[in-house]
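FYI, it's all coordinate maths here, none of it is from the lab. These numbers come from a predicted model, not from an experiment. Positions of Cβ are generated from backbone atoms using ideal geometry, with glycine treated the same way; all protein chains shown enter the neighbour counts.
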Amino acid sequence: MNIKKTSIEGCYTITPNVFNDGRGYFFESYNHRKFTAAIGEDVNFIQDNQSFSTRCVLRGLHFQKGEFAQAKLVRVIQGKVLDVTVDIRPDSVSYGVVFAMELSDKNNTQIFMPRGCAHGFVTLSESAIFSYKCDNYYKKDSEAGILYNDPFFNIDWKFPEKELIISEKDLVLPTFKELTEDIIKS
């Protein structure tokens, strides 16, 4: 297992050692002991989620706030996505930093993002099955997000905007500036 730091504090890429032979392949997708030793933190994943998306579907940028914030370990089981993590922790040295990387069933790379990061992805292949482990339960009242095309971040989602398939809910999310103004007011 190869674990590397990203440009976001506490965020890592994890690439497994894949063993191929005439029957196919095998790899260890998660090992709590190795993971904990590598990131220096004991994260207790308690919920697994999976989604299926077709080409050009963009999901994000989502996060949960307050006591229901979630650290996530994400990966692609089938297909290919552009995965995006944004550090929205005001006290972080990487506050406002964006980390984007292609995840696929070919590279088998995963991304661990700590609590306090917004997350999104767009499907680059015809379809994708996306899996993520969370260290906290989902709570509807705590869900929040940032507008996917916020000019502050200038994220290249790899498709013309008119081709992106985005939920109505994600189209009306606040900008990063609006989000930070709300945090300052509270």
Does segment 135-183 come out rounded, prolate or oblate by the C-alpha gyration tensor, with a ≥ b ≥ c the root eigenvalues, rounded set by a/c under 1.5 and, if not, prolate when a/b is larger than b/c and oblate if not?
oblate
Alpha carbon centroid spacing (whole Å) that separates segment 84-107 from segment 5-70:
13
Got the relative contact order for segment 1-144 handy, in percent, Cα pairs under 8 Å and 6 or more residues apart?
35
Quote the FRET efficiency, to the nearest 0.05, computed for D141 versus N17 with a Förster distance R0 of 35 Å and r equal to the Cβ-Cβ distance.
0.30
Excluding T123 itself, what net charge comes from residues whose Cβ is under 9 Å from its Cβ, given Lys and Arg +1 and Asp and Glu -1?
+2
Everything considered on the Cα gyration tensor (a ≥ b ≥ c; rounded for a/c under 1.5, else prolate if a/b is larger than b/c, else oblate), the chain must be described as oblate
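Counting only helical runs of four or more DSSP H residues, what would the 222 nm mean residue ellipticity of the chain come to if each run contributes -39,500 (n - 2.57) and the total is spread over all its residues? Intermediate values should be presented prior to the final figure.
Values: 3 runs with 22 residues, N = 186.
The per-residue figure over the chain is -3000 deg cm²/dmol.
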Listed here are the pairs K5/K80; K72/K106; K4/K106; K5/K169; K72/K169; which of them are more than 24 Å apart at the Cα?
K5/K169
GNM on the chain, Cα springs under 10 Å; top mean-square fluctuation among F159, F112, F63 goes to F159
Enter the angle in degrees (range 0 to 90, nearest 10) between the Cα long axis of helix 176-185 and the first principal axis of the Cα atoms of the chain, meaning the one along which they spread out most.
60
